Every structure is written in structure tokens, then in C-alpha cells.
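Here is the structure we will look at, set down as C-alpha cells.
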Amino acid sequence: MTRPLVVPTRAALAETLAGRPAGRRAVVMTMGALHEGHLELVRAARAQADEVVVTIFVNPLQFGPGEDLDAYPRRLEVDVDILTGEGVDVVFAPSVEDMYPGGEPLVRVASGRLGTLLEGRTRPGHFDGVLTVVLRLLNLVRPDVAVFGEKDAQQLLLVRRMVADLAVPVVVHGVPIVRDTDGLALSSRNAYLSADERRRALVLPGALRAGTDAAAQGGTPDDVRAAALGKFAGSPDVVLDYVALVDPSTVEDVPVTYAGPALLLVAAWSGSTRLIDNTAVELSPRGTVPAQRPPGPGGSQ
Ligand code: PAF
């Protein structure tokens with residue numbers, strides 16, 4: 001099985017990429033602690049390109065004070081083992097000093113209003129840090145396609161907006177959430193959960209399911225939000241940050257009269273671990289029931 005070539009510096013990356021045959025290149029950006037969800041991103045990248053680069057970099061710019069930057073799992077050798085046989089050509093795993101040789105960048109990408117909602121409200125500055133590293137990695141790897149997971153829905157939307165608004169020459173490809181058999185969305189942070197916390201965390205996909213069920217029965221946006229929130233009321237050990245039902249292109253709350261595609265998102269702490277999850281919902285015009293039920297969490301995603 002072919003083990004990817006690991007390059008630890010920007011200089012080595014440039015040299016490696018220059019020496020490779022011309023072809024369509026895809027990038028999958030990660031912070032490591034890889035799991036099956038990342039492998040789905042890699043497979044989607046492989047399907048669209050001749051060459052796949054995976055980046056592994058725990059980006060300090062996107063962590064706020066008191067967040068898990070120091071504790072974030074770093075296990076490069078295990079990650080490279082996981083990528084072996086998956087058709088990854090290059091793993092770019094730089095140090096912080098190599099990525100930001102002048103220290104923290106003075107100039108950053110501003111995520112604008114979109115970056116202040118939902119995740120950005122709880123994690124101020126997070127998306128500026130994400131977009132800054134994403135743009136930097138795009139400039140270093142120069143891919144044709146960049147693959148991101150739909151689990152980080154707001155991140156994916158912001159990357160799409162950055163690419164469109166700043167005319168970055170790359171195609172952004174989103175990949176559906178991968179879930180465990182019990183419905184919990186795969187996340188590197190699941191590794192922090194004790195068995196009890198993990199069991200309690202199932203309230204997140206449960207709330208999404210309750211929301212999609214309410215929508216499938218012709219519920220209004222308020223019904224959908226109430227159904228999702230109701231699940232947390234019965235689960236006092238999980239501390240809710242937000243349940244939101246938003247327009248997928250703006251992440252602004254949908255109004256009470258809204259009908260059409262929406263995104264239902266949840267964020268909550270199980271123990272000290274903050275988890276996020278989301279699902280698409282289709283809101284029917286008042287008084288009608290959608291003909292077909294959209295796939296929900298724990299379903300076939
Ligand atoms: O989604 C992530 O793992 C990170 O936010 C990303 C895109 C790798 C940027 O650090």
C-alpha cells in the first residue's frame with residue numbers, strides 16, 4: 001500500500017509539487033486526528049483529481065482563549081497510516097513557525113457579518129482565522145479542487161463566499177456528513193468524550209431528527225425549532241449553545257412564514273466538549289406536507 005509522501009515545510013511542498021506530473025490537483029485541509037469522515041473527503045478528492053494533497057495543520061489563528069488549542073490531538077504518524085492506501089500523494093504537515101514565519105499574520109481575511117453569526121458568536125474571530133489559513137493553504141497548494149465537509153456548514157459557506165468574493169481560482173466541493181451507526185456525526189473532538197458523554201451527545205442528532213420530522217409533517221419554522229429544542233429540554237446534562245434554523249446561503253434565521261430549503265444547526269457541550277451538527281430541512285408552504293421526506297441525521301447520509 002502506498003504511503004503518502006510527508007512534506008514538513010512550504011519549501012519542500014513547492015519542490016515536491018513542481019516535480020510532479022501535470023494533472024488536476026485536489027486538496028483536503030484538515031487539522032489531523034483523522035477519522036472516517038476525513039477519508040470520505042479524501043475519496044471525493046480522489047474521484048475528481050489526478051493528485052491529492054492532504055494538509056494537516058492545527059491552526060492557532062482559529063482557536064480562541066480557553067479553547068482546546070494545546071489539547072487538540074496531534075498524531076501525525078497515525079494520521080499518515082490512516083491515509084495509506086487511500087490514494088493520497090502528498091501530506092503537507094508544517095509547523096506553526098513554517099506556516100507563519102513572521103509570527104501571527106497581521107493581515108487576515110475578514111469573514112464579515114457571516115462570520116459573526118452562530119459559531120462566530122460563540123467563537124469570535126474563529127472564521128477570520130479559518131479563512132486566513134484556508135487562503136494561505138490554497139496559495140501554497142494551488143489546487144483545482146478543494147474539498148470540505150458539510151458538517152462544518154458555516155465554514156463551508158464562508159469558504160465558498162471567500163472563493164467567490166475574492167475570485168480565488170478553485171472549485172469548492174462539499175461532502176455530506178458521515179455519521180456513526182447511532183447517528184452521531186463523526187468529529188475529531190468525539191475522541192474527548194467519555195462513554196457517558198458520548199451517549200448524552202446523541203441528543204444533537206436526535207434534535208435534528210425531531211426538527212426534520214416536524215418539517216416533514218408540514219411544521220412552520222417555529223415548530224421545527226421547538227421540536228429540536230424540546231430534545232434538549234429532556235437532556236439537562238448537555239449544555240445547549242444554540243439551535244438555529246437558517247437560510248443556507250446567509251445563515252440568517254428564516255422568518256416565521258418561510259418555505260423552502262433551510263439548514264437546521266445545533267451546537268452544545270457534552271461534558272467539556274463542544275459539538276456541532278446540522279441537517280438540511282425543507283419547509284413546506286403553510287398547511288401543506290412535503291411529498292418526499294428529506295434525508296435526516298441517522299439516515300442514509
Ligand atoms: O475544518 C477544519 O479542520 C479546519 O477549520 C480547516 C479547514 C482545516 C482550517 O484549519
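Taking Ser194, Ser284 and ordering them by how much accessible surface each has at a 1.4 Å probe, largest first, produces Ser194, Ser284. Between Phe57 and Thr30, Met31, Gly32, the built amide H atoms are under 5 Å apart, and every one of these is 5 or more places off in sequence or on another chain.
Taking a sphere under 14 Å around the Cβ of Val254 and counting the other residues whose Cβ falls inside, with K and R at +1 and D and E at -1, yields a net charge of -4. Taking the Cα centre of the chain as reference, the dipole from Cβ charges on Lys and Arg (+1) and Asp and Glu (-1) amounts to some 340 debye.
Is it possible to state the helix-based mean residue ellipticity at 222 nm for the chain, with each DSSP H run of 4+ residues giving -39500 (n - 2.57), the sum divided by total residues, to the nearest 500 deg cm²/dmol? What is it? Before the final figure, lay out the partial values.
Working: 10 runs with 101 residues, N = 301.
Estimated from H runs of four or more residues: -10000 deg cm²/dmol.
Counting only protein heavy atoms and a 1.4 Å probe, the range 21-103 has 40 square angstrom of accessible area per residue.
A Förster radius of 45 Å, combined with the Cβ-Cβ distance separating Arg20 from Val239, puts the computed FRET efficiency at roughly 0.40. The accessible-area ordering, largest first, of the residues Thr30, Thr122 stands as Thr122, Thr30, per a 1.4 angstrom probe. Amide H contacts under 5 Å for Arg20: none, restricted to partners 5 or more places along the chain or on a different chain, H placed in the peptide plane at 1.01 Å from N.
Extension gain for Arg108-Glu77 works out to 8.1 nm (0.36 nm per residue, less the C-alpha to C-alpha distance). Each label was represented as a point 7 Å from its Cα along the Cα-to-Cβ direction; for Thr181 and Asp253 these points are 4.0 nm apart.
Shown for the chain: the carbon plus sulfur share of the solvent-accessible area, taken with all protein chains present and a 1.4 angstrom probe, equals 54%. Cα-based values for the range 28-110, radius of gyration first and Dmax second, are 14.1, 41 Å. Here the simple spin-label model places points 7 Å from the Cα toward Cβ, and for Arg160 and Ala12 these points are separated by 3.6 nm. Computed on protein heavy atoms with a 1.4 Å probe, the accessible areas place His38, His173 in the order His173, His38, largest first.
The values are calculated or read from the model by the stated rules, or taken from the named source; none is laboratory data. All values derive from a computational prediction rather than experimental measurement. A quick note on method: Cβ atoms are made from the backbone with ideal geometry, for glycine too, and the neighbour counts reach across all protein chains shown. Keep in mind that these areas ignore ligands, DNA and RNA; they rest on the heavy atoms of the full protein, side chains included. Shrake-Rupley method; radii C 1.70, N 1.55, O 1.52, S 1.80 Å.
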